[in-house]
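One structure is given here, and the rest of the page talks about it.
What follows is calculated from the coordinates using simple rules that are stated; it is not laboratory data. Since the model is a prediction, treat every value here as computed from it, not as a measurement. Virtual Cβ from ideal backbone geometry, glycine too; neighbours counted across all protein chains shown.
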Amino acid sequence: MTATGATPPCDLCGLELERGDFPIHTAGQTLHFCCDGCREIYRLLHQPQEQPPPKERDDGR
Ligand SMILES: [Zn+2]
């Protein structure tokens, strides 16, 4: 059985985001990664121009 496309694949390794979504927000698009490792590797390889994520909640810190 294959995925129905409800979950986008990791933009680095292509696996499904089974362990959660690790996004990078850039101007115009959001990239999704299956783990923090994939996200960090993508950053090193492509050095995307990251934007702050859309404001959805307050992280009271
Ligand atoms: Zn991955």
Residues with beta-carbon under 15 Å from that of residue 15, excluding residue 15: net charge, scoring Lys, Arg +1 and Asp, Glu -1? -3
Summing Lys, Arg as +1 and Asp, Glu as -1, what charge do residues with Cβ under 15 Å from the Cβ of residue 36 carry, residue 36 excluded? -2
What ranking do 24, 41 get, fewest neighbouring Cβ atoms within 10 angstrom at the top? 41, 24
Integer Hz, Karplus 6.51/-1.76/1.60 couplings in order for the range 12-21, x for Gly and Pro: 9, 9, x, 6, 5, 7, 6, 9, x, 9
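Could you compute the net charge surrounding residue 47? Neighbours are other residues with a C-beta less than 15 Å from the C-beta of residue 47; K and R count +1, D and E count -1.
-1
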Around residue 16, which amide H atoms from residues at least 5 apart in sequence, or from another chain, sit under 5 Å from its own amide H, with H modelled in the peptide plane? 10
Can you compute 3J(HN,Hα) from phi for each residue in the range 31-40, using the Karplus curve 6.51 cos²θ - 1.76 cosθ + 1.60 with θ = phi - 60°, rounded to whole Hz and x for Gly and Pro? 9, 10, 10, 7, 7, 5, x, 4, 5, 5
Amide H to amide H under 5 Å from residue 26: which residues, 5+ apart in sequence or cross-chain, H placed 1.01 Å off N in plane? 31, 51
